[in-house]
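Data first, discussion second: the structure below is written as structure tokens.
The values are calculated or read from the model by the stated rules, or taken from the named source; none is laboratory data. Treat the numbers as computed from the prediction; the structure is a model and nothing was measured. Cβ placement follows ideal geometry from the backbone for every residue including glycine, while neighbour counts extend to all protein chains displayed. Ligands, DNA and RNA are excluded from the accessible area calculation, which covers all protein heavy atoms including side chains. Shrake-Rupley method; radii C 1.70, N 1.55, O 1.52, S 1.80 Å.
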Amino acid sequence: MAAPHETQAPAGAAPVPDYDAIIIGAGMSGMYQLHCLRELGMRVRVFEAGSGLGGTWYWNRYPGARFDSESYSYGYSFSKELLQEWDWTEHFAPQPETLRYLNHVADRFDLRRDMQFHSRVAAAHYRESARGWDVVLEDGSRHHARFLITAVGPLSAPTLPRIEGVGTFQGEAHHTSRWPHEPLRFEGKRVAVIGTGATGVQTIQEVAKTAAQLTVFQRRPNWCAPLHNRPITEEEQRRIRADYPEIFRRCQETFSCFLHTPDPRGTFEVTPEEREAFYEELYASPGFGIWVGNFRDMLTDPAANKEISDFVARKIRQRVRDPRVAEMLIPRDHGFGTRRVPLETRYYEVYNQPNVRLVDITETPIERITPKGIRTSDAEYEFDIIVYATGFDAITGSFDRIDIRGLGGQRLKDKWAQGPQTFMGILAEGFPNMFMLMGPHTALGNIPRSIEYNVEWVTDLIRTMRERNLTRADARPEAVAAWTDHVKAVGEGLLSNEVNSWFTGVNTNVEGKQTRIIARYSGSAPAYRAWCDEVALKEYRELALA
Ligand code: NAP
């Protein structure tokens, strides 16, 4: 990278380094965006809070962390050479392997030289006179760029539970997304896990293998389904390499970019026997098939949803020996698939082990974390280690944690106080030249597939602006209104939008996030891309370009 040149600084002020673009975050989206903008010949700086790259896969080092999407559908698809030189070892790779992969990508494309680690962005303010963004890091250093690209991730602002006494515990306590880099051993230890989402489930099934005693504090159970992971054989590896074009073509076609796609049949269009056989087949198959490859009406028709929920409840009862514990593990407040389905490997069997106990904290609430452990309404528990698998201030949380201000000093957090408003999840009106990757109201699904699309869309817009000597892009208010209406319309009738979860922006640990909003785009990924393609094809009429 050319050394950043110095802009004319106001008298007395230190010179400010100048970049064409600043990217916040060195995860999968920030990495690819850096690569694409450098291809345009731009001077780019990536600021990353962590000590290394990899985003989600850098931070989430908790025991048992691994893919829930097939490894070969998850990696970057943009480079044929990269695809041919990397072999995944398992169908669902563990976190250390994914982090190695991302470091390999960074080395291969020489990305690290434009990344600055230990650099958390505290503020980003748009300056109209410069048609660009002033960015301030937590250490007080100031930087300026024409374009600001947020690659902050939808699940990267971890939240500790709002329970009295958090912080007073004298043993070891870690949030899963802030896990220590040195291995933590559980042998001989009394361990508590709070939280039973996808992260908690992966953690629990791993910790249960070695802990002297594991106590799981569950508020609401989730519907989990088997992952069916296994190593990739050499023969499979050869086939995967040859099939990459087909694998990614399929991901482009499916509803949420996974290899699985809804079955065109309705739940009640088949006989009860056929239905049961189909559920059995899905339950025995690897990955998200049972969630996103199920009958087409499973997530819209309550009666159809009840059929699959009853099926999975029967499985839980078969797998958990103590009927009382089995009932505790069966969700009552939402149907199968209406929250993110945690994929598991012998998770339910964990509760058959003598070293594991389950505490239902809706019955006996946690009153406080004490120096020695956890006190509920009916017992005092002592622990050596507490694991907080309590999730994230999802989707908008990472934006809220940065002081982002647009035209006239308007704060993004205030603008989104009643829920996010965006144009295609990429632009926010009044925040010119700020482009969001995986922002609110984008299609999420198999995230790298969506990332690649968003990055390429942003790159095309920036290329067009540079070719036409344009220096300012903002979303028109009517375009934002139309998109926001569209997002609401495609979410109508979806059972998942009637349930509290991070999908609907609810986090009981965050002030002001107790009520449901439309946080994500819940239409199909092909429909999302069609909308965005059309905008580009029609020369960005929905944007005010100058
Ligand atoms: P989550 O799904 O939001 O789960 C958080 C858990 O903590 C829930 O069980 C929640 O209970 C509990 N909790 C939160 N605050 C609490 C409190 N004050 N007291 C007691 N319990 C509390 O978060 P996550 O498990 O970290 O997963 C987030 C998302 O990350 C997933 O849905 C998934 O998209 C992604 N993820 C992906 C993978 C993968 O691909 N392999 C793995 C892990 C995570 P309630 O349900 O009652 O709120």
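Taken together, the residues in segment 438-478 that are surrounded by 24 or more Cβ atoms within 10 Å (Cβ to Cβ) and among the aromatic types (F, W, Y) amount to 0. Considering W502, W457, W483, the condition of being modelled with pLDDT of 95 or more and in contact with a Cys (Cβ under 7 Å, 6 or more places away or on another chain) is satisfied by W457 alone. The single residue among E85, E90 that is without any contact (Cβ under 8 Å) to a residue 40 or more places away in the chain, surrounded by fewer than 23 Cβ atoms within 10 Å (Cβ to Cβ) and not assigned by TED's automatic domain parsing to the domain that holds R463 turns out to be E85.
Out of P420, P448, one residue alone is in the same structural domain as A482 (by TED's automatic domain parsing) and within 16 Å of the ligand (Cβ to nearest atom). It is P448. Confirm whether G430 is touching a Gly at 6+ places or on another chain (Cβ under 8 Å), in a loop (DSSP other than H, G, I, E, B) and surrounded by 24 or more Cβ atoms within 10 Å (Cβ to Cβ). Here the answer is no, as G430 does not meet what is asked.
Yes/no per residue for (1) within 13 Å of the ligand (Cβ to nearest atom); (2) surrounded by 15 or more Cβ atoms within 10 Å (Cβ to Cβ):
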{"position": "W179", "(1), (2)": "yes, yes"}
{"position": "E182", "(1), (2)": "no, no"}
{"position": "A208", "(1), (2)": "no, yes"}
{"position": "A212", "(1), (2)": "no, no"}
{"position": "Q218", "(1), (2)": "yes, yes"}
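Evaluated against (1) within 16 Å of the ligand (Cβ to nearest atom); (2) open to solvent by 60 Å² or more (accessible area, probe 1.4 Å), E172 falls short on exactly one condition, (1). Here the condition is being closer than 19 Å to H486 by Cα and out of contact with any His (no Cβ under 9 Å at 6 or more places or on another chain); of G397, G425, G419, it holds for G419 alone.
Scanning segment 59-76 for residues that are among the basic types (K, R) and near the ligand (Cβ under 9 Å from one of its atoms) yields one hit, R66.
Restricting attention to segment 220-229, the residues that are in contact with a Leu (Cβ under 8 Å, 6 or more places away or on another chain) and open to solvent by 10 Å² or more (accessible area, probe 1.4 Å) total 2.
Just to be sure before I move on: is G200 at positive phi, within 16 Å of the ligand (Cβ to nearest atom), modelled with pLDDT of 95 or more and crowded, with 19+ Cβ neighbours inside 10 Å in the structure I sent? In short, no. Of all the residues in segment 319-352, those that are assigned to a helix (DSSP H, G or I) and touching a Cys at 6+ places or on another chain (Cβ under 9 Å) number 2. Counted as qualifying within segment 353-416 are the strands (runs of 3 or more DSSP E) with 1 or more residues that are away from the ligand (no atom under 12 Å from the Cβ), at pLDDT 95 or above and crowded, with 17+ Cβ neighbours inside 10 Å, namely 356-360, 373-376, 380-382, 385-388, 403-405. Going by the structure shown, is F435 within 24 Å of the chain's Cα centre (by Cα), buried (at least 22 other Cβ atoms within 10 Å of the Cβ) and assigned to a strand (DSSP E or B)? So F435 fits the description; yes.
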